[in-house]
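So the structure is just underneath, and the comments pick up after that.
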Amino acid sequence: MKHYECKHFLALDCEKGMCAVSRMIVPLDGEGSDACPNFECGKLCKFCAKFHDADSHGIGTCSGFEKETWAYGDCGAFCCENFENA
Amino acid sequence: MDKQTKIFEILEARNRQDKSLDVSVDAGYTEEEIPAPSPRFEKLINIYYQMKNTIDMEIPYWYNRVWWENEGDVPEIRRAKAYGAALAHTTPTIWPGELLVMNKTKNWRGAFPFPWVDASFFNAQAEALLAEAEAPALAEADRMSVVGAGGGNVTESYGNVVSIAQKFGLRKEEVPILVKISRYWDNCSIEVVTQKYSEAIPDYYKYKAYRDTVLVMFDSWAIPQGREIINYYMPLEYGFDRIIEMCDEKIAEILGLAENGDGLLGMSRGYYYMAMKEITKGLSAWADNYGKRAESLAECEPDPQQKKEYEDIAVVMHNIAHKQPSTFREALQLTFLCHLAVVNEDPQSGQSIGRLGQVLQPFYEKDLEDGTITEEEAIELLELYRIKITSIECFASSGVTGGVLSGNTFNNLSLGGLARDGLTAVTPLEYLIVEAGTRARTTQPTLSVLYDEKTPEEFLMKAARCCKGGQGYPAWMNNQCGMNYMLRHYHDEGMTVEDARAWCLGGCLESSPGCFLPLHYNGKTTWIPGGAAPTAGTGIHFTGLPKLLELVLTNGVDKRTGIKVFEPHNRELKTMDDVWDVWMDYMTELCDISLKVNNIQMDIWRKNNPPVVASLLKPDCFTKGQTLSNMGCRYNSTINFESCGTVTFINAMASLKKNVFDEKKYTLDEMMDALEHNFGFKTAFETGVFSPDRREATDEAVKYEKIFTDCVNAPKFGNADPYVDDLMVHYEDLMTALMPTLKSYYGKPLYMCQISVSTHGPQGAITLASADGRLAGVTYADGSVSPAANTDKNGIYAVFTSATCYDHSRNQNAQMNVKIHPSAVAGINGTRKLLDVIRAYMRKGGFHVQFNITSSKTLREAQKKPDDYRDLMVRVAGFTQYWCEIGKPIQDEVIYRTEYEM
Amino acid sequence: MSAEPTGMIFDIQSYSVHDGPGCRTNVFFTGCPLKCRWCANPESWRPKLQFMFADRVCKWDQGCKACRDACPHGSIQFDENGKPSVDWKICNDCETIECTTSCAAGALKQTVRIMTVSDLVNTLRRDYNNWGSDGGVTFTGGEPLLHHEYLDAVLKECKKLSMHTAIETSGYATEEVFMKIFRRLDFAFVDVKNMDPEAHKWGTGVSNERILNNIRALKRSGWPGRLVLRQPTIHGFNDSDENAKRLIEFMNENGLYEINLLKFHRLGQTKWEQLGKEYEYSDHGDMTPERMSELQDLYLDNNIACYVGDDTPF
C-alpha cells in the first residue's frame, strides 16, 4: 500500500503529499512512498464495491449510479454519495 | 538616549527661538519595523514554495460524465448540472495549520484541463502522451525535479510526472484519463466549433496570417472569462439556501411564461432559474464537503489545538454552505469559495477580487463590536488569504499560460476610491489588507490603490510604505480618471455617477464597471461595491503595433516567414502622412477581420458554454433572469482592442519622421535596408540576450553604423519633447475614432486597452529591427506610456509630462512602469517622497503607475542564483510575479528598465 | 539687443530626494573655483563645453567602431583589440566635441549644455507640478555662485513663481555675490571642509577664510532661511576630534545648529578616469561607520543636530 492510498493522505502536488497524522511530506513514487503501519484505506474509486473490471490503465466501470459508466480507479471518492467499501 | 531623540530635542529647543525651522519635530524619521508575518503564514508559505503546479483529472472526469449524461438538455442547465457535479465530487483537501480552506482542486497549486473548451491539443498529442505514460520511470536520481529552477513550474517530464505546456505536472497514470475524456470533445469543443465558423468568413485566411506571423496573439475562446470584477453580493446577502428558495419561487412564478414581444429572452428566464438552482446546490455541496473532510480529520487528530481548528473549519464550512455568513471569517471564506467557483468554470485569468475591504467591512465591524476578533487575528486571516490567492493557477493553452500571463492569474484586489455617497470609500479593514500585504509578501492578490484626492493621507502613506517592500504592489490607479472613463464609455448603457464610483480594476489593468448593492447585516444597510459586467479584457487581442509598422514598410509581407499578411499597398511613402495613412488602412482591416473572428469565438462560447457561476453572481442577472450570455449584466460594452508595443511604435515613427522625412538624412529604402539587416548586428536569438544593451556586430556593422546611431539618437518618447509626444497624441486620436465603429458580439462599441501583459516579449521576438534603433527580436517597450528602457534622459518628471500628453480617461487604461532604487525611498521621508511622486503623476491625470523598488544589482544576482532568491518578486506588466517563474526575455527587460537612483 | 545671460549646466536631475526638503530638481552648474582632491564631479571643474568617455558602456567589445572618424583632431585611437581611447592632451582644449554625435551607446557623451534663463525656468516650471508641497529646486554643481548673474536672474523668476529654492555651495565667493544670491534662497547647504586654513588650502586649493566670513555675514544679516553646514568627511583630512571641536565652536559662535556629515565615497572615481585625470583618493580616505557615529556623537553632545549621510529629517 502507498501513502496516497491512505485515509490520512493529503494531496499536495504531482510528486508528493502530506500525512495528516505525522505532518510529514511523503513522496508519491520511489523510496519512502510505501505506507506506514498506521495505514487506513482511503476513499478511492478502486476501493469501492461498485467499481469493477479495471483495465491496465486502471479504467473500469462504475455501477454506483443510475447510469453505469466508466470511471478510473485512482479518482478520489471522499465525496461520492454512493461509495461503498469493497 | 538614541541619536534621533537627541536630534529632535536639539531641533525642538532651537525651534522655539528660530522660526525658519519648518520641520515637524514631533515624530522620528526612522520608520517602525515591519512586523513579521504570523508563524502560521510562515509555515504555510514555506510549503507553498515547494509546490509544483499540478493538473489532475477529478473535475474533468465528473464534468464530462454528467455533461454527457444530460445530453439534449438546455445548455445553461446542462452546464450547471455538469459543473455542479464536478464541484460536489472533487476531493476536498485541508492542510494542518490552515484557517482558511479550499483549493481549485485537491492539490495546492492545482488546475485541470478543460477539454470541452480545447481538446485538440491533447488529441493531437494523444499518442505521444500515452507513449510517455507507458515509458518506464526514469532512474531514481532524475526522479525529483530541480528545485528553484523555474519555481513551481514543471518545465519538463521526469519520473512519473509528465510536463504539460512546460508548466504543469500530470501524473502518468492520469494520462489515459485525459486522453479518453479529450476524445469526447474532438468535434464539439469550443475551439473546434469556433474554428468551423470562423473559417467560413471569406477573409479568414487573413486572420490566420495575423496569427501565424504573431502580429496578433491569442484567441478569445482560450480564456473567455476574467479581466473583470467578481461580485460576492448574492451569497453574502442571502446565503445559498435562500438563493435556492428564490430560484424555486421564480420557477413557480415564470417558468413557461414569455413576456410580451418575447424573442427568446422571456422564455429563457425559466431555464435560467433552473440552472441557478442546480449550480447553487453544487456550490453548497462543495462547501459541505470541506466541512465533512474537516470533521474526518478532527476525528483522527491527536493534537487538541489542531483538532479544535479542524472543528472550527467544519462549523464555518457547514454554515456558509447554507446561510448568510455570521462572522468575518465566514464571510472571507465564502468570498473565496465564490472566487474559486468562478475561476474553475472556464480557463481564465484576471478574475479580480474587487474592493474586498469595503465588501467585508460590515462583517469585520460586527466581530469587533462583539469582541470576537482582534486586529491581529484579522491580519492573520488576511495573510493566509494571500497564500490562497497566490496558489490559484490557470491551465490554458501553452501560449496563453506562458506568453500572456507569465504564469500569473492576476487576482487583483482594489482599495480606496469613492463610496456610493461620493465620500472616500477607505475602510478600517482596508488598512489591515495593506498591513497583511506588507508583512506577508506574496505575488497575489496584487493590490491596487484607487487614488482619489479624498483618500485619507494616512492610508496613502501606509500603501506607499507597503510599496517600498519591493514586491511591486500596490499599483496606483487614478480614481477620477477611471470614473471619467466609465461615464464616457458606458454612457449609452445608462452609467450613473453612483455606479461610476463602483469601478475598479478587472485583471491587472482593465478598468471594469461595477455597481453598489445594499447588504443587510448587523442591523444595518451597507452599499457594497462589486463587478457589474462580463469580461473587460477579451476582444481583438494583443496587436503588435511596431510589427504593423514593419508590414507597412515591407509592403504587407512578413519577411520572417514570407507570409503575405496584407495586400501590397504599392504606395510610395513620401510623407509621414502617407505612413500614417497606410498604417491606419492596415489597422482598420486588421480590426475588421479580427473582430469578426473574435465575435464568433465569444458567441459560440456564450451559447455552448454559458457561464453559470458568473451568471449567478453578476448583477443584474438574477434580477433579470438572464445569464451573462444573454446580456444579463448591467453593463455589456466591455469588449476591447488590445495593443502592444505602443512606445516602441511611437519611437520608430519619430525616427522615420526625423531621419527620413524631416531631415532627409536617409531614404526610406536605405532605412528599410538597415532594418532588414538588423543594422549589421546579430539578432537577439543569436546572442540569447533580449535586452537592448547587448549588440554584437557582424561584418556588415560598419555599413550601418551611421544610420544606427541616428536611429538610436532620434527623439524618444518620455523626454517631454513635443516632437515625439505629438505623434502619440495623433495615434490616440486616430485609434479612439476607429474604436466606436467596431461592434462586439453584444452589438456594443469597442475601446482601447493598452496593456502588453507579457506579450511584448514574444511579439518583440518576431519583429525585425525598428527605426528607433531597437534590434530584431528585442522585447518591445513595456507599458503603453512608460519610455523605452534607458531612453528617458530628462528624468521622471519629463517622463510624466510625456505620458500625460493626452487624456488617459479616453481609454480603458494606460500603463506606466517606474523602477526606483531602494535608497531613494528610505525612511519616513522616503515614503513621503514616494507618495509625492505618485501624487505628481495622479495630478497630471496619469491613469496608472507601478514601481519596481529593487536594484538592478539584486535582479542580476537573482538571475544567476535563482535558488537564493525563491521569494524575490518583481512587477511585470500589471502584476507581481516571482522572479524565478518568469522567462528570460522579460527578466532582461526588467533589469534594463531605467532606475531612478539619487 | 541685450543678450540674455546663459548658464553652463552639466545635469538636471529630477526626483532628487537627498538635497533639501521634499522632492526636488537638482540643477548642476559646471565650473568650480575649488579643486578638491576627492571631488565626485570633476567634470564640473571647468566652465566649458565638455564630454566624457564612459568606456564601461562602450560597445567596442561587441565590435562597434562608430567613432573612428568622429574626431577631426585625431584624438580617438584604437588599440590592437579594437578598444578606443581618447588623448586628453588634445581633448582638454577641445571646444567643439564633434565626437559625441557619433556614439549610439552613450559612451562619448556631451556633459555640458548652455541654457538661457528661460530655458532653465521653463524646465523648472514643468517640474514644479511634481515637487509636492515641500519640494523645490536645488542649485548645485560645480559651484553655482560662479554663475551668480545667471543664477540671480533664474532665482528671481523662481521666487516670482513662489518656488522653494535651495543651494549646495562651497561658499567660496565674494561677500557681495554670496549675499546677493542668498537673499533669494530658502535653504542652503554650505560646505565647511576643514577648519584649518592651511589644510583647507591643501585639500581644495583655496583657504577657508572667505567661506567662514560669508557664513558669519549671512548670520549677522538675519537671513531667514535654513542653513545646514555640510562636510564631506574624509579619513586623514578632516575626521579628527580637533577639527570637529573647532567647527562646533564656530557653529556656536554663529548660532548654527545643523550639520550633515557625508561619508567619503569613491563614486566619482570613474569620472576622473573618463576625463583622463588621475584620482588620488583611489585607495585611502575611507571612513568606518563607527568613526562616523563617534563624530556624530561629538556634535550631538554639544547640542548640534548632526545628520550622517541621507539620514536627515527633511
(message) Taking the criterion of being assigned to a loop (DSSP other than H, G, I, E, B), surrounded by 17 or more Cβ atoms within 10 Å (Cβ to Cβ) and within 13 Å of another protein chain (Cβ to nearest Cβ), would at least one residue in segment C:28-51 satisfy it?
(response) no
(request) Quickly run through segment C:52-81 and pick out the residues that are surrounded by 14 or more Cβ atoms within 10 Å (Cβ to Cβ), within 14 Å of chain B (Cβ to nearest Cβ) and farther than 15 Å from C:Gln274 by Cβ. (result) C:Lys59, C:Gln62, C:Gly63, C:Cys64, C:Lys65, C:Ala66, C:Arg68, C:Ala70
(message) Within segment B:871-887, does at least one residue satisfy the condition of being at pLDDT below 80, open to solvent by 40 Å² or more (accessible area, probe 1.4 Å) and among the acidic types (Asp, Glu)?
(response) yes
(request) Go over the candidates B:Ala128, B:Ala137, B:Ala133 one by one and state the one that is within 11 Å of another protein chain (Cβ to nearest Cβ), at pLDDT below 95 and not in a loop (DSSP other than H, G, I, E, B). (result) B:Ala133
(request) Please determine, by comparing only the residues of segment B:427-466 that are aliphatic (A, V, I, L, M) and touching a Lys or Arg at 6+ places or on another chain (Cβ under 9 Å), which one is most open to solvent (accessible area, probe 1.4 Å). (result) B:Met461
(message) Every residue in segment B:611-652 that is open to solvent by 10 Å² or more (accessible area, probe 1.4 Å) and of a type in the set (Phe, Trp, Tyr), please.
(response) B:Phe622
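So which of B:Tyr204, B:Tyr233, B:Tyr197, B:Tyr184 ends up being touching a residue at least 60 places away in the same chain (Cβ under 8 Å) and in contact with a Leu (Cβ under 6 Å, 6 or more places away or on another chain)?
Testing whether each residue is touching a residue at least 60 places away in the same chain (Cβ under 8 Å) and in contact with a Leu (Cβ under 6 Å, 6 or more places away or on another chain) leaves just B:Tyr233.
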(request) Please specify each residue of segment B:32-51 satisfying the condition of being under 16 Å from B:Leu382 (Cα atoms) and aromatic (Phe, Trp, Tyr). (result) B:Phe41
(request) Just one of (1) open to solvent by 30 Å² or more (accessible area, probe 1.4 Å); (2) under 26 Å from B:Ile600 (Cβ atoms); (3) in a loop (DSSP other than H, G, I, E, B); (4) of a type in the set (A, V, I, L, M) trips up B:Val689, so point out which. (result) (2)
(request) Test B:Asn260 against the criterion of being under 35 Å from the mean Cα position of the chain (by Cα) and not hydrophobic (A, V, I, L, M, F, W, C), and give yes or no. (result) no
(request) Please give the number of the condition A:Val26 fails out of (1) within 10 Å of chain B (Cβ to nearest Cβ); (2) touching a Cys at 6+ places or on another chain (Cβ under 7 Å); (3) open to solvent by less than 30 Å² (accessible area, probe 1.4 Å). (result) (1)
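A quick yes/no check of all residues on (1) modelled with pLDDT of 95 or more; (2) more than 25 Å from the chain's Cα centre (by Cα); (3) part of a helix (DSSP H, G or I):
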{"position": "B:Leu551", "(1), (2), (3)": "yes, yes, yes"}
{"position": "B:Glu567", "(1), (2), (3)": "yes, yes, no"}
{"position": "B:Arg571", "(1), (2), (3)": "yes, yes, no"}
{"position": "B:Ser594", "(1), (2), (3)": "yes, no, yes"}
{"position": "B:Trp605", "(1), (2), (3)": "yes, no, yes"}
{"position": "B:Leu616", "(1), (2), (3)": "yes, no, yes"}
{"position": "B:Ser629", "(1), (2), (3)": "yes, no, yes"}
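Out of the residues in segment C:273-297 meeting the condition of being within 12 Å of chain B (Cβ to nearest Cβ) and touching a residue at least 24 places away in the same chain (Cβ under 8 Å), tell me which one is nearest to C:Cys39 (Cα to Cα).
For segment C:273-297, the residue satisfying everything is C:Met292.
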(request) Being aliphatic (A, V, I, L, M), in a loop (DSSP other than H, G, I, E, B) and open to solvent by 30 Å² or more (accessible area, probe 1.4 Å) is the filter here, so list the residues in segment C:1-27 that pass it. (result) C:Met1, C:Ala3
(request) Would you mind finding the one in C:Thr270, C:Thr312 that is surrounded by 15 or more Cβ atoms within 10 Å (Cβ to Cβ) and either within 20 Å of the chain's Cα centre (by Cα) or within 12 Å of chain B (Cβ to nearest Cβ) (or both)? (result) C:Thr312
(request) Return yes or no: is B:Thr854 open to solvent by 10 Å² or more (accessible area, probe 1.4 Å) and in a helix (DSSP H, G or I)? (result) no
(request) From (1) farther than 23 Å from C:Cys99 by Cβ; (2) over 32 Å from the mean Cα position of the chain (by Cα), pick out the condition that doesn't hold for B:Met752. (result) (2)
(request) Answer yes or no as to whether C:Trp88 is aromatic (Phe, Trp, Tyr), surrounded by fewer than 22 Cβ atoms within 10 Å (Cβ to Cβ), more than 24 Å from B:Thr791 (Cα to Cα) and under 18 Å from the mean Cα position of the chain (by Cα). (result) no
(request) Return a yes/no flag: does segment A:7-21 have any residue that is aromatic (Phe, Trp, Tyr), at the interface with chain B (Cβ under 8 Å from one of its Cβ atoms), in a strand (DSSP E or B) and touching a His at 6+ places or on another chain (Cβ under 9 Å). (result) no
(message) Just the residues that are among the β-branched types (Val, Ile, Thr), within 18 Å of B:Ile45 (Cβ to Cβ) and within 11 Å of chain A (Cβ to nearest Cβ), please, taken from segment B:62-116.
(response) B:Thr93, B:Ile94
(request) Kindly establish whether C:Phe264 is within 25 Å of C:Trp45 (Cα to Cα) and buried (at least 17 other Cβ atoms within 10 Å of the Cβ). (result) yes
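The values are calculated or read from the model by the stated rules, or taken from the named source; none is laboratory data. Worth saying up front: this structure is predicted, and the values here are computed from it rather than measured. Note that each Cβ is placed from the backbone with ideal geometry, even for glycine, and that neighbours are counted across all protein chains shown. When the accessible area is computed, the model is the full protein with side chains, heavy atoms only, and any ligands, DNA or RNA have been set aside. Shrake-Rupley method; radii C 1.70, N 1.55, O 1.52, S 1.80 Å.
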